[in-house]
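Worksheet for the structure shown next.
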Amino acid sequence: MRLAVLADIHGNADALRAVLADARAQGAERLIVNGDVVNRGPDSVEALSLLLAREDVTFTLGNHDDLVRLWHGRSDTLPGDWFTDPFWGATDWTATELDRAGLLDVPGGWPMTQTLEVPGLPLVLIAHGTPADYRESLSERTDPRRVAELAAGLGGGAGVLVGSHIHRPARATRGGVLVLNTGAAGTPMDGDPRAQYLLLTAAPGGWVPELRRVPYDRSGVLRRFETSGLLGTGVSAEIFRDEVQTARSLYTPYWVWTGEGGLPRDAATWAAFRQGVGQ
């Protein structure tokens, strides 16, 4: 048995196609999409449609899959001032595109976790972040005590924990539990722009993981930031485009920098940040 676990596609259909082609070439029999299919990039409708057309895919819910639904519904779980802040133009654009396509509410039926139970092999627990929170990070930096808690959360105990969300691959063993992170298919943030995913193979000795990186031509998705109208929505779209270009995290450090300085999130502060003020 061989399966692919991919995540953080973030509206990048070209990266998704590259991963799907590589997974097929590697003999993957099943796909688990571990959250964040949509938002950030220009291809949310196309990426989600590609996956929904397949019969070998199961999903978990990611924070961005949830965010666009909450946004469109003006949920009171989100800060009220976000809805009038131009900074959130890219999220509003994505939510509108998905709604027009009749796809906005599809992720509402996705579970927080998936499990793999194969006789004779360790139980595998898969979540975008963790079963407790889709924004909780899982990597080699996760406290071993937290790993033990998460692994014990299932009745029989999990031997393999798989997360995503942090946009970089990771592998570690903590207290006998194998901790894996898929990395990001559409928006890697470790300096390597290749699309990332996890290939898991069931073998007599246990699960054999391979963290794969797949090259693809980024010119198309970068062009569609402009031609789709997404880039015209404002600063956040520019940040998301630049993250695809640089394969580096820009949004989070910019958010922290402006928050700590009490600065507006607008074109001027973004330009200052990019010139090194916030680095």
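At a glance:
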quantity	calculated
Given the chain, longest segment not containing exposed loop GluC sites (Glu not before Pro) (DSSP; at most 14 other Cβ within 10 Å)	141-279
Degrees separating the helix 13-25 axis from the principal Cα axis of the chain, which is the longest one	20 degrees
Cα shape, the range 1-151, gyration tensor, a/c 1.5 rule	oblate
Max mean-square fluctuation residue, GNM over the chain, Cα-Cα springs under 10 Å, options VAL106, VAL256, VAL235	VAL256
Vicinal HN-Hα couplings computed from phi for the range 123-135 (Karplus, 6.51 cos²θ - 1.76 cosθ + 1.60; Hz; Gly/Pro x)	5, 10, 10, 10, 8, 4, x, 9, x, 7, 6, 6, 9
Gyration tensor verdict on the range 96-223 (Cα atoms; rounded if a/c is under 1.5, prolate if a/b is larger than b/c, oblate otherwise)	prolate
Base-10 log of normalised Debye intensity for the chain (one unit scatterer per alpha-carbon) at q = 0.09, 0.12 Å⁻¹	-0.41, -0.73
Relative contact order of the range 110-200, pairs being alpha-carbon contacts under 8 Å that are 6 or more residues apart, as %	22 percent
Amide H contacts under 5 Å for ARG174, placed H, 5+ residues apart	VAL179
Phi-based couplings in Hz for the range 241-251 (Karplus 6.51, -1.76, 1.60; Gly and Pro marked x)	5, 5, 5, 5, 5, 9, 6, 10, 6, 10, 4
DSSP bridge pairs, the range 2-214: antiparallel proportion in percent, nearest 5	60 percent
The range 2-214, relative contact order in percent, only Cα pairs under 8 angstrom and at least six apart counted	23 percent
Neighbour-count order for VAL68, VAL162, fewest beta carbons within 10 angstrom listed first	VAL68, VAL162
Other-chain or far-sequence residues with amide H under 5 Å of PHE59's (modelled H)	VAL33
Calculated [θ] (222 nm, deg cm²/dmol) that DSSP helices of n ≥ 4 give over the chain, each run adding -39,500 (n - 2.57)	-10000 deg cm²/dmol
Selection from LEU52, GLY120, VAL5, by position along the positive dipole direction of the chain (Cβ)	GLY120
About the Cα centre, charge dipole magnitude for the range 1-160 (Lys/Arg +1, Asp/Glu -1 at Cβ), debye	400 debye
Helix 89-100 axis, angle to the chain major axis (alpha carbon atoms, nearest 10°)	70 degrees
The range 1-54-the range 126-140 distance, computed between alpha-carbon centres (Å)	19 Å
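Since every read-out is calculated from the coordinates, none of them should be taken as a lab result. Just so we're clear, the structure is a prediction, and the values are computed from it rather than from any experiment. All Cβ positions, even for glycine, are placed from backbone atoms using ideal geometry, and neighbour counts span all protein chains on display.
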